[in-house]
1. So how strong a dipole does the chain carry about its Cα centre when Lys and Arg Cβ are +1 and Asp and Glu Cβ are -1, to the nearest 20 debye?
2. Give the residue from F93, V82, I225 lying farthest towards the positive end of the charge dipole for the chain; charges sit on Cβ (+1 for Lys and Arg, -1 for Asp and Glu) and the dipole is referred to the Cα centre.
3. Per 0.36 nm of contour for each residue apart, how much would the distance between E206 and K7 grow if the chain were fully extended, relative to their Cα-Cα spacing?
4. Find how much the distance from K255 to D236 grows on full extension, using 0.36 nm per residue of separation minus their present alpha carbon separation; answer in nm with one decimal.
5. Quick one: if you stick a label point 7 Å off each Cα along the C-beta vector at V192 and E89, how many nm between them?
6. I225's amide H: which non-local residues (gap 5+, or another chain) put their own amide H closer than 5 Å, with H modeled 1.01 Å from N in plane and none for Pro or chain starts?
7. Would you mind computing, in nm to one decimal, how far apart the modelled labels at E135 and L24 are, each placed 7 Å from Cα along Cα→Cβ?
8. May I ask which residue of L241, Q103, L179 lies farthest towards the positive end of the charge dipole of the chain, with charges of +1 (Lys, Arg) and -1 (Asp, Glu) on Cβ and the Cα centre as origin?
Amino acid sequence: MENSPLKILLISGDANLSRHISELLQATGTDLDVTLEPTVNAGLAMVATNSFHAVLLELAQANTAALFQITSLTTKAPRLPVLVIGPGEDETFLAEAVFSGAQDYLDREQLAALALRHAIQCAIARQQERIALVEEKENYYGIFDHLVEGIFRTTIDGHYLLANVALARIYGYDSPLQLMAAIQDIASGLYVETNRREEFSRLMQENDTLSGFESKIYRKDGTIIWISENCRAVRDAQGKLLYYEGTVEDISERKRAEEQIRRATGELSRSREELRTKNSLMEESLRTAREIQLTMLPQQYPNFPPDAAPEN
């Protein structure tokens, strides 16, 4: 912007006022390129095909139609700072104009070259800061909503303050807003076990953190899944507990695998016990058979009785 003209779009239906404003802008000594359009629609058409640093919108009257013009401009050209030049006697309208999206409101009866230039420069700077904040926020929520883990923030008494797309998906909802609207009380609306939220709160009160808190919960369709929660307590500078925030992971597959392993281990233990029992019975049978066999065998020397003759 320092090496190129400051491009200003001036929207005004008053030819004399337009000429006066243009002269004021030129008198500032700033390198300016002023484009004049008579109506908001014509100005928007110009914005669609050209680049500008700011818009000066001259309003003849302070009324609802004028506010609509401001809203139309700021909605359809949200990246451009809009400065309104209009009647200065109505302070309520001034506030409404700023509320409608104008960066500044200038009394057309008190316009001065340097003040006008300063107002434009400040409006451009504020708009750039606002855009940077919006982009940073969008980037944050873009990352936030693309995480695989569910993320939540809840009040102490169990109401959602924040949820991401992943959490809504885990719980079977179409969107975070739908999830937060549906579950008004986490204790009764989420957990299968009625005392689970109470246990969660007790551990959080004691430790301020929680890791691997496993629970069964109801999804939107009524099916039950297992989740694991990691959570921390957020407090203010005085130590007052403000809310809980943390992550959620669906561990249903892991739980099913653990259950299969548990069942397989149980079956293996039973099979081993049955085998040991069979082996014991077999050994007992073999001992019994051996004893019977020994009693039925013919006696041999030197176990012959003294008066018995050996067998031929």
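Quick note: the coordinates plus some simple rules give every number you see, no bench work behind them. On a predicted model such as this, the values are computed, not experimentally measured, just so you know. Neighbour counts are summed over all protein chains in view; Cβ atoms, including those assigned to glycine, are modelled from backbone coordinates with ideal geometry.
1. Working: 31 positive and 46 negative charges, 149 e Å.
For this selection, approximately 720 debye.
2. Of the candidates, I225 comes out farthest on the positive side.
3. On the way: separation 199, 0.36 × 199 = 71.64 nm, distance 6.06 nm.
My answer for the length gained is 65.6 nm.
4. Details: separation 19, 0.36 × 19 = 6.84 nm, distance 3.71 nm.
My answer for the length gained is 3.1 nm.
5. Roughly 7.4 nm, to one decimal.
6. Excluding prolines and chain starts, which carry no amide H, the hits are I217, R219.
7. For the pair E135/L24, the computed spacing is 3.1 nm.
8. Highest projection toward the positive end goes to L179.
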